[in-house]
Amino acid sequence: FLGSQPLFRAIADYLPTQRGRTFQLKEHQQEALDAYLQEHLAATREMCRTIAANNSSILGYYYRINPELSDHMKGFWYSRQNNGQFKQLVMTEISEYKPDDFAHVGWYYLPLERGRPSWLDPYENKNLGETVVSYIMPLYKSGMFIGEIGMDISYSTLVNQIKDLKILESGHAL
C-alpha cells in the first residue's frame with residue numbers, strides 16, 4: 001500500500017525512523033514528500049469513496065497526515081449528508097488540542113498510542129448528530145508514522161445487523 005512508490009522509498013532514506021521524534025526536512029526533501037503525499041492522498045481518497053459509496057452504514061471517512069510530515073497537507077475528511085452524498089469537511093487541526101483531549105482528538109491519538117488498528121467505543125458525532133463507532137488504522141512506513149485512516153460507522157445500523165444474530169443453539173450476539 002505505502003511501500004510501492006519508488007519516490008517514497010527514496011524519501012524514506014532521509015527521514016528518521018524513530019516514533020515521536022521531531023525533524024526538519026530540507027526544501028527539496030519536503031517538495032518530494034509533498035508530491036508523494038498529494039498522489040497518495042488522491043488514490044486513497046478514491047479508494048475510500050468507493051468503499052463508502054457502496055456501504056450505507058458508513059457515515060464518514062478520513063485520512064489525517066501526521067502533522068510532522070507536512071504542515072500544509074492535512075489529509076481529507078468526508079461526511080455523508082442527508083441526501084446520501086458525501087461532503088468534504090475541514091480537517092481537525094491536531095495541534096490545537098492536547099493529546100488527552102479525547103472529545104476532539106482521541107480518534108487520532110488512541111490508535112497512535114496503541115500502534116495498531118483500533119475500534120473506538122460508540123460516541124455521539126456532533127457533526128452528524130448520530131452515534132457512531134469508528135475504526136481507525138495508523139499507517140507506518142519504515143517504522144515512521146505517516147498518518148491515520150478511518151471510517152465512522154452508524155452504531156444503530158451495526159446494532160440492527162447483529163441483534164437477531166444467533167450464536168450456536170441458544171445464544172445471541174446482543
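Annotations
- Cβ-Cβ under 7 Å pairs, at least 6 apart or on other chains, the range 86-105 side under 17 Å from residue 147 (Cβ atoms) and among the polar types (S, T, N, Q), far side in a loop (DSSP other than H, G, I, E, B) and open to solvent by 90 Å² or more (accessible area, probe 1.4 Å): none
- When 118, 134 are screened for being more than 15 Å from residue 44 (Cβ to Cβ), modelled with pLDDT of 85 or more and in contact with a Gly (Cβ under 7 Å, 6 or more places away or on another chain), only 134 passes.
- For the range 69-79, a residue qualifies if it is more than 13 Å from residue 153 (Cα to Cα), of a type outside the set (A, V, I, L, M) and surrounded by 15 or more Cβ atoms within 10 Å (Cβ to Cβ), and the qualifying residues are 70, 74, 75, 76, 77.
- Any hit, the range 146-160, residues being free of Cβ contacts under 8 Å to residues at least 60 places away in the same chain, out of contact with any Asp or Glu (no Cβ under 9 Å at 6 or more places or on another chain) and surrounded by fewer than 18 Cβ atoms within 10 Å (Cβ to Cβ): yes
- Residue in the range 111-130 that is nearest to residue 63 (Cα to Cα), counting only those that are open to solvent by less than 50 Å² (accessible area, probe 1.4 Å) and among the polar types (S, T, N, Q): 118
- When the range 24-61 is filtered for residues that are open to solvent by 40 Å² or more (accessible area, probe 1.4 Å), touching a residue at least 40 places away in the same chain (Cβ under 8 Å) and part of a helix (DSSP H, G or I), the ones remaining, listed by number, are 30, 51.
- Checklist (1) of a type in the set (S, T, N, Q); (2) over 12 Å from the mean Cα position of the chain (by Cα); (3) open to solvent by less than 50 Å² (accessible area, probe 1.4 Å) applied to residue 134, failing item: (2)
- Scan of the range 80-89 for residues that are assigned to a loop (DSSP other than H, G, I, E, B) and open to solvent by 90 Å² or more (accessible area, probe 1.4 Å), ordered by number: 82, 83, 85
- One residue stands out among those in the range 150-174 that are more than 27 Å from residue 46 (Cα to Cα) and of a type in the set (Gly, Ala, Ser): the one that is modelled with the lowest pLDDT, which is 173.
The values are calculated or read from the model by the stated rules, or taken from the named source; none is laboratory data. Just so it is clear, the structure is predicted and the values come from calculations on it, not from any experiment. Virtual Cβ from ideal backbone geometry, glycine too; neighbours counted across all protein chains shown. Quick note on the areas: whole protein, heavy atoms, side chains included, nothing else; ligands and nucleic acids left out. Shrake-Rupley method; radii C 1.70, N 1.55, O 1.52, S 1.80 Å.
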